[in-house]
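Please treat every number below as a calculation from the coordinates, not as lab data. Given the structure is predicted, the values throughout are model-derived calculations rather than measurements. Methodologically, a virtual Cβ is constructed for each residue, glycine included, from the backbone with ideal geometry; neighbour enumeration extends over all protein chains shown.
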Amino acid sequence: MRKIKFIISFLFVIFASLQLMEAEAATVENNFYGITDVQHDWKEYSTDINVFQTDSHDVTYWKNFMRYSRTCTISHEVKTIVYYCELHDHTKSETFLEDITHSVNHSH
């Protein structure tokens, strides 16, 4: 039983050290190819606003003692901002949910 515990712990130490050596090799490789740890200079490149129809549901209401029903469509307004870094030629984007709109004014 001791031999099995020793072998398992020995293999664990070997595999853990291999992963550390791979991580160090990756950082040396990045510096070798000219990729540095300089901060990005993000500038807003474009802004886009889209409206998506996401769902619909039936709304019932009473008017003059009569029951009516209508279809309410739900739409989401999504804003996407794209940023660009000239130093590294990288892009990133952020997406925000701006508004949720119901076509019929009713209580949810």
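Key figures
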{"item": "Subset of region 57-108 (residues that are small (Gly, Ala, Ser) and under 30 Å from residue 44 (Cα atoms))", "result": "75, 93"}
{"item": "Residues of region 43-79 satisfying the condition of being exposed (fewer than 12 other Cβ atoms within 10 Å of the Cβ), out of contact with any Asp or Glu (no Cβ under 9 Å at 6 or more places or on another chain) and more than 30 Å from residue 94 (Cα to Cα)", "result": "58, 60, 62, 63, 64, 65, 66, 67, 68"}
